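Here the structure is laid out as structure tokens; the discussion comes afterwards.
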Amino acid sequence: MKKSILLAALISSLSLSSHAEIYHYVDDSGKKIFVDSLSRVPHKYWDQLKNQNKTDFSLSPHEQAKKNLLQSINNVSIEQRQTKRDVLDAMAIYEAPLRKIQGKPVVQVKFRDGTILRTLNLLLDVGYPALLLRESQASLFSAKPGKLNHLQLSDQVVRTRPLNITKVEFGPYSYDLRNFYLVEDSLIPGGVDGVLGKPIVSGIRFKEDAGANKLIFEPEHYASLQTELDEIEQLIEKQKAVEEEVKNAENLEGRDIQLIENASAKDIEPVASGANASAKK
């Protein structure tokens with residue numbers, strides 16, 4: 001899964017005369033370009049100039065230049081705020097509330113059974129050799145349990161039946177066609193509906209953030225998203241300072257006004273786990 005998120009910033013200086021107007025257009029590569037003269041806009045992009053800066057002859061040249069520049073700054077600020085929302089949405093995929101039972105984290109797992117979606121609480125514990133569900137949960141699914149079998153569980157052999165699940169999802173992970181094993185309810189720790197054991201847990205990475213009361217999946221990737229969030233927040237603060245400077249400027253003529261323009265994109269791709277979180281078998 002790739003998600004394009006605008007983050008990098010290009011600082012460009014525009015020398016504004018007292019009669020300057022600011023125009024912007026998006027070129028064939030998708031880059032937004034700011035110019036201070038209509039003559040610098042290629043004719044094929046003129047249709048993008050509708051509703052952009054136009055001279056209001058009731059304003060003085062200085063007031064018109066300031067109005068145009070503030071409009072351009074506002075357009076960039078809108079993009080930056082959207083970028084921040086995109087980064088926060090990406091981070092949310094890798095977060096889960098931190099809840100523990102018997103010292104192990106518990107996650108909400110989505111089970112897709114045809115068009116039906118069910119959410120169960122499962123323990124993350126690599127100490128279990130299989131994916132387990134309470135027998136009492138079997139009635140929730142349309143699939144029929146398989147033949148009676150036996151499973152070595154800790155220091156005992158227990159009776160179990162396999163239940164084929166179409167899709168299992170939690171955090172950034174998605175697994176197709178997984179066998180869960182139904183066991184007596186008493187064999188599952190209290191407070192959960194089952195266990196995500198070694199077949200899945202050994203292939204994912206997670207850490208506990210007790211301070212924020214969060215469970216973080218793929219912590220290295222999450223940290224990179226946090227860095228990007230910090231960067232865009234710094235850009236937003238810088239943009240506010242530029243806007244304030246323009247509002248308070250007595251004269252724009254001969255000044256270099258810095259415009260912050262989102263100029264490049266990063267492809268955010270979740271770190272694949274060792275077991276390939278989206279693998280289909």
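The values are calculated or read from the model by the stated rules, or taken from the named source; none is laboratory data. As the structure is a prediction and not an experimental result, all values here were calculated from the model. Glycine gets a Cβ as well: all are built from the backbone with ideal geometry, and neighbour counts include every protein chain shown.
Loosely packed, with under 15 Cβ neighbours inside 10 Å and either at pLDDT 80 or above or in a helix (DSSP H, G or I) (or both), is that true of residue 74? For residue 74, the condition - loosely packed, with under 15 Cβ neighbours inside 10 Å and either at pLDDT 80 or above or in a helix (DSSP H, G or I) (or both) - is met.
Quick check on region 127-142. Is at least one of its residues closer than 20 Å to residue 98 by Cα and either over 28 Å from the mean Cα position of the chain (by Cα) or not β-branched (Val, Ile, Thr) (or both)? Looking for residues that are closer than 20 Å to residue 98 by Cα and either over 28 Å from the mean Cα position of the chain (by Cα) or not β-branched (Val, Ile, Thr) (or both), one finds at least one in region 127-142, hence yes. Considering 85, 112, the condition of being under 30 Å from residue 206 (Cα atoms), of a type in the set (Lys, Arg) and either at pLDDT below 90 or in a helix (DSSP H, G or I) (or both) is satisfied by 85 alone. Filtered by the rule that a residue be out of contact with any Gly (no Cβ under 9 Å at 6 or more places or on another chain) and either among the aromatic types (Phe, Trp, Tyr) or under 13 Å from residue 197 (Cα atoms) (or both), region 125-150 gives a lone residue, 141. Restricted to strands (runs of 3 or more DSSP E) entirely inside region 121-219, those with at least 2 residues that are touching a residue at least 60 places away in the same chain (Cβ under 8 Å) and acidic (Asp, Glu) are 206-209. In region 24-31, the count of residues that are among the polar types (S, T, N, Q) and at pLDDT 75 or above is one or more.
Of all residues in region 221-247, those satisfying the criterion of being among the polar types (S, T, N, Q) and either surrounded by fewer than 19 Cβ atoms within 10 Å (Cβ to Cβ) or over 18 Å from residue 75 (Cβ atoms) (or both) are 224, 226, 227, 234.
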